Each structure stands twice: as C-alpha cells, then as structure tokens.
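The values are calculated or read from the model by the stated rules, or taken from the named source; none is laboratory data. Model, not experiment: these values are computed from the prediction. A quick note on method: Cβ atoms are made from the backbone with ideal geometry, for glycine too, and the neighbour counts reach across all protein chains shown. The area values use the complete protein model at the heavy-atom level, side chains included, leaving out ligands, DNA and RNA. Shrake-Rupley method; radii C 1.70, N 1.55, O 1.52, S 1.80 Å.
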Amino acid sequence: MRRRSVAEAGEDPPGGLAEAEIARLVDAEIARRRAAGLLDPAPKTSAFGRLTRHPLTVAFVAFALTTLLGGWYDGILKNRAERAARLERDIARIQAEEQEAAAKLSAFITLVNERSIRSDLLRSAIVRGAAEEARERKRAYDDVYLRWNVAYPLQIRVLRGLLGEEGQTIYERAVAEAIAPLFAKTDACLTAAFDLATARGFQIGAGFRPAGCSPEGRWTDLPRTSTVAVRECANAILTNMRGQIAGRALRRQGNAAGEPPPERRDWAASIEAELLASCPGLAPSVPA
C-alpha cells in the first residue's frame, strides 16, 4: 500500500512551516531589503534608449553607415583608377614623344649620310671618266644638296628640341662647325671636278687637278677624307643623342609616376670628348 506525501496529507513539512508561510517570509524579506536600499530598483529605460534599440533605428543606422562607408571607399577606388589611367596616358605620351624624337634624329642622320654617299658616288664616276654615269650621279647629288640646304636651318633647331634644351647644344655645334664645313669643301671640289671633266670630255689624265681640291697628292683626297669624317661625326651624334633622348624619357616617366629622381650623372664632358675626337673642326666648349 502506497504512503501519502506530506503535501497530499495536508500536513506541515518538517520544521513546522508551511509553503505559504515560507513564501510570505521571502516576500517580506525582499520588501524590507528594497526599502533599506539593499536591492537595486528595477531598471528604467529612457525614451532615447528605447529608440536606439528599436529594430527600425538599428536598420536605418546600418544602412546609413553602409552607404557612407561604401561611398567613401568607392571614391578611393575611383581616384586610384583615375590616377592609374592618367599615369598610363602620360607614359604613353612620353614614349610616343621619345619615338618621334628618335625618328627625327634618324631622319637627320640619314640625310647627312645620303649626301656623303652621293658625294662618293659622283667622285667615283668622275675618276673613271664615266660621262653618262657622272651626269646621272651629279643630278642625284644636286637633289640631296638642295634638300640638305633647305632642311639644314630647321634641323639645327630640331636637334635642340629633341633634348628639351633651350640653349645651343654640343650637337648643334658639331653640325655647324664640323659637318657643314666638310660638306662645303667637298661640294666645291666635286663641282669644280665635274665642270673640268665635262669641259675635257671626261678625258681624265694625270694632270687633272680641279681648283678647290687637294693642292698636293691626288685631287680625290679631299672629298674622300671629308665624307669619311662626316659619317664618323654623324655616327657620334647619333649614338650620344639617342642615349640622351632615352634617358630623358625615363626621367620623365619617373616624374609622372611620382618616383624620386635618380642621381644624375654629368655626361657632358665624355660626350664632348667623343665628339671632339670624331668631328674635325669642332672647337672645345668655353667654360661659362
């Protein structure tokens, strides 16, 4: 037979206090402590606090922050892309200008070499007494002679612009003091030789010595050595100017990219030394 519990029997638990009495004592103790300040009052939430905790407020703040931060970051990315595109355009422009400068330099040197070679061809035809060949080569020589004299004043200024210089460069002086005088001497000799050969029916004998040519030895010595010297000088100009054009382009690209400028070496002395050795008639620079 099952025994009944104290609660089922309606009896008081051991110790003599009923559950209702215990609950009443606990409530009384809580009230006493709260009155004495021993227990914190129930927290009160302000209107602002309730507003900040509202789901709509949280969603609005999150949206605003996302919009502002996202816009700021998008602006940074856009600025970076614009700077990169601008740098790419600047470098492309600098490279195009470098190629254009190199092409102008090559065209000038080609014209120099063409005139010197035409001089050699005309001299050869006169020496051999080849009348028809000499006349044909004289026409070709006159053509390049005319093109040189038309282009020469402009080309002198172009040489300066290729390096971005404002004052006269050593290369201009090399053309004016070496190449141009050598061409003038060669032209005077070849013109006199062609006229004399034409007058003699291209019968070139031992006494053939045109005015303006070499006073001693063979008359061909002057035009031959002059054209060789012209080509050596032109090659020295081409080699050194091409290096300076490329170096200037690299410095400009570095400046466009915001890189610190490299340590510049003064090549003026070595360039001048090479040109003085290659261009007869070129005078040393006068110190400022």
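At a glance:
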quantity	calculated
With all protein chains modelled, accessible area of S226 [1.4 Å, Å²]	10 Å²
Extension gain, I91 back to Q203 (0.36 nm per residue minus Cα-Cα distance, nm)	34.1 nm
Residues of region 194-288: accessible area per residue with a 1.4 Å probe, Å²	61 Å²
Proximal charge balance of A130 [Cβ under 15 Å; K/R count +1, D/E count -1]	+3
Spatial separation of Cα centroids for region 188-206 and region 228-288, in angstrom	42 Å
Two-site FRET efficiency, A151 against T66, from Cβ-Cβ distance with R₀ of 51 Å, rounded to 0.05	0.15
E100, E21, reordered so the largest accessible area comes first (probe 1.4 Å)	E100, E21
